[in-house]
C-alpha cells in the first residue's frame, strides 16, 4: 500500500512541478511559469515579458511601447480577476464600456498564450524590437530581435490585420526563441507560412542547415518512443550502427597491434634513438597493414556528435522539463551531482572493465582507469541526457569489446593483476 501511495505522490509532483503561478500587486499582475514571466499593468496591457532559461539566467525579451495589446478606443478598467483552470491561468479585465479582455496563459513548454475580447476591437500588437525586423502578412504579425534571438508572432484568429494593428476578437501569440519544432506545435496549420516569414527576417542562418537535421531526427525518435530518455538511448544505438565500419576497423587494428606487441618491444629495445625507433615502427605498421591512429579517429568523430547532442538537448530543454520522467530522472536537461551521480558511476565501472579487457600491462591499464574516472567528473554539471548517452555508449562498447576479445581468445588483465596481487593457487 505504501508503495502505491509513494508512486501517486511522485505522479502528483511531476504533474504540478511546473504549474503557472500568479501574483496580484497594486499596479500589476504577474504570471510566472517555468520558463516565462508576464507582467500586465492595471489597464490590461502587456508591459514586460521575461524568459527564464535557467533559474540563474533571466532574460528581458519584451517591454511595452504602446504596443502591448492596447485597445485604441480605451475605456477605464472596472475590475481585474484571475482564474486558474486545468493548470492554465486566465486574467480577465472588465472595462466600463462593457468590454472584456481575457489573457489565457498556457502551462506548457511552447511560449504561447491567447488574448480574447468580448467583441471585435482595434488593438496594437507587440514588437520585440524597435528596428526594421517587423513583418505583417495575411493574418500574421511577426517581430524579431536578433540580439536576444527572440521572435514574437501574433496570429489573428478572428478579425483583420493592418500592419501592427489588429481589428480582432481573438489572437494567438507566441513570444520566445524561434525554434522550428515549437512553432510547428503552436502553428501547425500555417507552419510553412511562418517559416517563410521568418526567413524574410533572416532569422535562420547557415548553421541551422547543419543543426536542424539532428533536431528533427531527435524529435522523430522522441515521437516514436514517447520519452526523451529512450530517444537518447535509441539515438546512441543509431550512432553506433552508423559508425560501425569505423569501430570495426579500429577493433581489427587493435587486435593486430596485440599480435605484433613482441615485435614492437623488440624494436624499442633495439633502437634507442627516437627517430630510428619511429622509422622502424612505421615500417612494421605498414608491413602488417595497421593504422595506429585509428583509435584517435574515432575520438575525433565522437566529439562533434557529443557536442551536437549537447546542443540538441539544450534546444529541447523546455520539453524535457514538461515531458515524461525517465526512470529516476524527471528532467534530463538538468545536470549536477544529484542528477548525474548514478550515470557517472555506471560509466566509470563500464570503462574500468573495458580498460582491463584491452590492456596488456598494468601501467597502461592504470592510465586508462584514471582517465575514464577523471573525464566524467570534469563534466558533472552537463545535462543528464548527455551522461545517459555517454553511459549507454560505454556499455555498448564494453559488450562489443568483451565479445570480440573472447572470440579471438585475447586475454586482458584481471583485477588481481592490476592491483599487483599474486595469482590464486
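For the reader, a short list of remarks on this structure follows.
- Per-residue Cβ neighbour counts within 10 Å put 124, 181, 355 in the sequence 181, 124, 355, beginning with the fewest.
- Listed residues 322, 247, 285, most fluctuating in the chain (Gaussian network, C-alpha, under 10 Å): 285
- Computed from the C-beta positions of residue 86 and residue 360, the FRET efficiency with R₀ = 51 Å rounds to 0.20.
- Order of 319, 157 under a 10 Å beta carbon neighbour criterion, fewest first: 157, 319
- From the alpha carbon centroid of region 126-170 to that of region 178-251 is 27 Å.
- Relative contact order of region 218-418, taken over Cα pairs closer than 8 Å and 6 or more residues apart, is 25 percent.
- Expressed as a fraction of 2.2 N^0.38 Å, the value expected for a compact globular protein of N residues, the C-alpha radius of gyration of the chain is 1.34.
- Spatial separation of Cα centroids for region 96-113 and region 38-87, in angstrom: 9
- Taking a ≥ b ≥ c as the square roots of the eigenvalues of the Cα gyration tensor, region 98-173 is classed as oblate, since a/c reaches at least 1.5 and a/b does not exceed b/c.
- Neighbour counting of Cβ atoms within 10 Å sorts the residues 87, 188, 37, fewest neighbours leading, into 188, 87, 37.
- With Cα atoms, 0 to 90° folded angle of helix 337-358 axis to the chain main axis: 20
- Rounded FRET efficiency, nearest 0.05, which uses the C-beta distance separating residue 208 from residue 167 and R0 of 60 Å: 0.95
- Cα gyration tensor shape for region 2-204, rounded if a/c is under 1.5, else prolate or oblate: oblate
- Simple label model, 7 Å out from Cα along Cβ direction - residue 223 to residue 237, nm: 2.0
- Crossing angle, helix 274-288 versus the chain [Cα axis fit, 0-90 degrees, rounded to tens]: 90
- Between helix 206-225 and the chain: long-axis angle, C-alpha atoms, 0 to 90°, nearest 10: 90
- Label zone at residue 400, where the point sits 7 Å out along the Cα-to-Cβ direction: region 216-252 residues whose backbone N lies under 19 Å: 232-252
- Mean residue ellipticity at 222 nm, helices only, the chain: -15500 deg cm²/dmol; runs of at least 4 DSSP H residues each add -39,500 (n - 2.57), and the sum is divided by the number of residues.
- Length released on extending from residue 196 to residue 268, taking residue separation times 0.36 nm less the Cα-Cα span: 19.5 nm
- Stretch gain in nm, segment residue 310-residue 244, where the contour uses 0.36 nm per residue and the Cα spacing is subtracted: 21.6 nm
- Dimensions (Å) - region 308-425, Cα atoms, principal axes, largest first: 57, 27, 25
- Two-site FRET efficiency, residue 337 against residue 419, from Cβ-Cβ distance with R₀ of 35 Å, rounded to 0.05: 0.80
- For the chain: relative contact order, % (alpha-carbon pairs under 8 angstrom, 6 or more apart): 9
- Added length on full extension, which subtracts the Cα-Cα distance from 0.36 nm per residue, residue 367 to residue 60: 105.7 nm
Each reported figure results from applying straightforward, stated rules to the coordinates on display, with no laboratory input. Everything quoted here is computed from the prediction, not taken from an experiment. Here the Cβ is made from the backbone with ideal geometry for all residues, glycine too, and neighbour counts use every protein chain on show.
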